[in-house]
1. Kindly list the number of the only condition in (1) at pLDDT below 95; (2) out of contact with any strand residue (DSSP E or B) (no Cβ under 8 Å at 6 or more places or on another chain) that fails for residue 235.
2. Out of curiosity, is residue 177 assigned to a helix (DSSP H, G or I), of a type in the set (S, T, N, Q) and either surrounded by 15 or more Cβ atoms within 10 Å (Cβ to Cβ) or at pLDDT below 95 (or both)?
3. Restricted to segment 111-159, and to residues that are assigned to a loop (DSSP other than H, G, I, E, B), farther than 23 Å from residue 99 by Cα and in contact with a helix residue (DSSP H, G or I) (Cβ under 7 Å, 6 or more places away or on another chain), which residue is most open to solvent (accessible area, probe 1.4 Å)?
4. Scan segment 17-30 for residues that are touching a helix residue (DSSP H, G or I) at 6+ places or on another chain (Cβ under 9 Å), of a type in the set (S, T, N, Q) and open to solvent by 20 Å² or more (accessible area, probe 1.4 Å) and report the count.
5. Quick check on residue 93: is it open to solvent by 10 Å² or more (accessible area, probe 1.4 Å), more than 14 Å from the chain's Cα centre (by Cα) and within 24 Å of residue 180 (Cα to Cα)?
6. Of everything in segment 60-75 that's within 15 Å of the chain's Cα centre (by Cα) and touching a residue at least 12 places away in the same chain (Cβ under 8 Å), which residue is nearest to residue 27 (Cα to Cα)?
7. Considering only segment 72-95, how many residues are within 17 Å of residue 288 (Cβ to Cβ) and part of a helix (DSSP H, G or I)?
8. Residue pairs, Cβ under 9 Å, 6 or more apart or interchain, first in segment 303-320 and more than 20 Å from residue 254 (Cα to Cα) and among the hydroxyl-bearing types (Ser, Thr, Tyr), second crowded, with 22+ Cβ neighbours inside 10 Å and at pLDDT 95 or above. List them.
Amino acid sequence: MKNNSLKEISKIILNSNRVLILTHINGDGDTLGSAAALCLALRENGAEAWILVEDKVPDNLEFLVAGIYTDKNPFDKHFIAVVVDCSDKERFPERQSVFFEAEATINIDHHMTNDYFADYNYVEKDSAATAELVYLLINEMGISMPKSSGEAIFAAINTDTGLYQNLNTTARSHRISAELYDMGIDHNKVSVELFQSVKPEKLKLENMVISTMESFYGGKGVVAYCTLEMLEKTGTLKEDTEGIVALLRNIKGVDISVFIREQAPGENKISMRVKGDGDVARIARMFGGGGHIKAAGCTIKGTPEEAKKEILIEVEKELDRLYG
């Protein structure tokens, strides 16, 4: 459970011509932005680099990784593997065998629940985004960073800090972003792609989910759910639910928001967010999940209604701890 230095990790990467970069399932802006930034920088400097995914890249994040990702390992041998923004190997379940076939494995992450599963690990739990660590790593390697890498890092920091509003935001988050501005990134293009290109179907889905919303604990908690039927009716995919839990948290008076997404019959993905002093990572760990103190998730079996009853018992205990 000890970090290697970025200097050590940079040497491993620089000594390889073939680098395979893995993201976590249900890719978000941080994992895909971090992977894209590293991949594009390595390619810019002559290395063979690919991002390996196992599920669909969300439409609004496709611009980050277009042309540089694959669902098949392009290397038959002599490659190293870098995984970004993954707290444990269960976050890339179908690619574990490929990852551990590599000549060296590297884990770069910012989750407090990371279990240091690679040969070389760099975990900084106080970092607002894994992309900040990738930025530091690229600088440590001493290689040139193309604007496309800078834009990927900017996108990742924006999404993981909630537009610099979340409590994980630090002075370093702003400093790195300022340095990216100085580099000449097209920040407006990134913002339009991320936040101003919403599909009408996604808005219809959000409206349907909001109709299920229930307040509890005197309005300090709120819960809503999405069923497989809702996705089918609106013609949307699971990635179109990204951001709904934060939307619920934004309601005035709400301290903890809970979003339940039915991901298969009898199985539900739970996402939780905190506005104040609560700790949802503790709750997530009780159900075999993980994440950050202010943003965490887990999986609960049963119907969405059954999952709601289970998770709200623990969320109310957390609110009791805060306000009881």
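1. (1)
2. When the stated conditions are applied, residue 177 passes them.
3. 144
4. Qualifying residue count for the region: 1.
5. So residue 93 fails the test.
6. Taking the candidates together, the pick is 61.
7. 4
8. 303/268
The values are calculated or read from the model by the stated rules, or taken from the named source; none is laboratory data. Just so it is clear, the model here is predicted, and its values are computed rather than measured. For neighbour counting, all protein chains shown are included, and Cβ atoms are generated from backbone atoms with ideal geometry for every residue, glycine included. The protein model used for the area step is the full one, side chains on, heavy atoms only, and it has no ligands, DNA or RNA in it. Shrake-Rupley method; radii C 1.70, N 1.55, O 1.52, S 1.80 Å.
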